[in-house]
1. Under a 5 Å amide H to amide H cut-off, with H placed in plane at 1.01 Å, what residues pair with residue 386 once short-range neighbours are removed?
2. Give the long-range amide H neighbours of residue 284: residues separated by 5 or more places, or on another chain, with amide H under 5 Å away, using H modelled in the peptide plane at 1.01 Å from N.
3. Any idea how far apart residue 335 and residue 9 come out in nm if each label point goes 7 Å out from Cα toward Cβ?
4. Once phi is turned into θ = phi - 60°, what whole-Hz ³J(HN,Hα) does the Karplus curve with 6.51, -1.76 and 1.60 give for every residue of segment 156-167, x standing for Gly and Pro?
5. In whole Hz, what ³J(HN,Hα) sequence does segment 275-290 give by Karplus (6.51, -1.76, 1.60; θ = phi - 60°), x for Gly and Pro?
6. Which three extents, in angstrom, do the Cα atoms of segment 10-216 have along their principal axes, listed largest first?
7. Report the label-to-label distance for residue 439 and residue 369 in nanometres (one decimal), using points 7 Å from each Cα along the Cα→Cβ vector.
8. Output wanted: per-residue J couplings in Hz (rounded whole) for segment 233-243, from phi through Karplus 6.51 cos²θ - 1.76 cosθ + 1.60, θ = phi - 60°, x for Gly and Pro.
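Every read-out reported here was derived from the displayed coordinates using simple, explicitly stated rules and does not represent laboratory data. The model shown is predicted, which means the values in this text are computed figures rather than measured ones. Neighbour counts are summed over all protein chains in view; Cβ atoms, including those assigned to glycine, are modelled from backbone coordinates with ideal geometry.
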Amino acid sequence: MAELIVEPYAPSLIESMRSVGYSLETAIADLIDNSISAGARKISIRYSPHDDPYVAILDDGSGMQPDELTRAMRHGSSNPWDVRATTDLGRFGLGLKTSSLSQCRKMTVISFKEGCLSARSWDLDLIAEREKWVLYVPEPEEIEKLPLVDDLKLYGHGTIVLWQQLDRIVAGQPNIKRALAEKMDLVREHLSLVFHRYLTGEPALNKIEILMNENPISSFDPFLTWHFATIPIQEEQILIENSVVLIKPFILPHISKLSQDELRKAGGEEGLRRNQGFYIYRNRRLIIWGTWFRITRQEELSKLARVRVDIPNTLDHLWTLDIKKSAAHPPDEVKQNLRRIVDRIVGTSRRVYTYRGRTTTNDKLVHSWSRVEGREGISYVVNREHPVVAAFSARLDSDGSRMLELLLDTIERTFPADALYADMASDRPRCFDEENLREKFRELALCLLTAADTIDGGKARLLTCLVSLDPFCQYPEIAESIVKELSDANRKCAKD
């Protein structure tokens, strides 16, 4: 049987690989993966639109010797099936080259290790001219003239990835300076999210620092774990092929509990809806977010639900991770568990959203409306046992009680559910006339106390539970001050 060795035609293949689908932000994120895997604690992104424009990523990682650098510049420098260190963020051995050449025509890697400075370059024009996989080796004097080499030497070890001839980044832009600055703003936002756990630091995870033109990039926590109203839900574990997948749901605060600055950090009103769903982390690096994997739909009343899913790199083959590490799909075993969790946490999101942050499962609260689930659907009825309704009903004769029941039935049947849903979905805040609110609540409390006076010990019991009644429970500070005032007055009357 005859065999032929057919090598790919270098100019065509390398030009085609530029269109894998990297954006500027995903390309730079891929390079930062390499820096983290090399043990870097400080990663500096530099760019200059002047003279010979460039973008460079400088890190203080372990660096590479010349032979190591040559291997790293080879396309497919590592086997995706090889067992990797648990902290390794790489996968295919292509990211360094494909991400860089997707943005520029010339990429150079300069590395410093154990006092040895070396560099290698892929130059697309040289490859096209020679029609071979020609890896250029700069002379020592050429290396010394490259940007940031002096900074690299000061680190004592590390690596620079240098992009020149930025044909893709500034293509068709009349003002290179403005175009580069605008795109780097998007890069900053992307990195603050994708590497937020590294920027913040976690147990067993080295904290890193990422700078852009010497300005630190701050982390953006998509779960708002720092906010007092965020609801964390118990973490679950799934064991697959002797590897553990961790699932941690969060319910974000309702928009009414966020300041304008906090809302902006959360992505704005549109960002809340668009970014609901799963957040998949591979070795605590975010790879995909804002999707429910078709387990449920994105909708307004579930938009507060976000689920952190931590997967190890040992399960890459099951998640069908792509080259850019920006797409993944859960295996069936994981998807079944996610479906069960989604049903639970989406319901919690709906309750938080509907009740504006009040926990409806708190049995100590007495609501004005009751949710009734029957065979034909869901309805909302006025709570006949609410003390206000009960006190009013007790003062009526039989005809008056019948009229009250007809009134409540009319209110329930004309409940504007569609309009209410539309208003809630718009995130417009509720607007009530709150003028003289304390006096109105005080008057209502006095009426309830008068009705309770007919029952032995009724006043004391009512004052004890007043703050748990609608509408008092929605304004706890006002309710507590009224309870204190009326309790003091009640004690004084008892003494007299």
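1. Residues meeting the criterion, in which the H sits 1.01 Å from N, do not exist here.
2. It is 311, by chain and number.
3. Result: 4.0 nm between the two label points.
4. Karplus-based 3J(HN,Hα) across segment 156-167 equals x, 6, x, 8, 10, 10, 10, 9, 10, 6, 7, 5 Hz.
5. For segment 275-290, the Karplus curve yields 9, 5, x, 7, 10, 9, 10, 10, 6, 6, 9, 5, 10, 8, 7, x Hz.
6. 51, 40, 36
7. About 2.9 nm separates the two model spin labels.
8. Karplus-based 3J(HN,Hα) across segment 233-243 equals 10, 3, 6, 10, 10, 10, 9, 10, 6, 6, 10 Hz.
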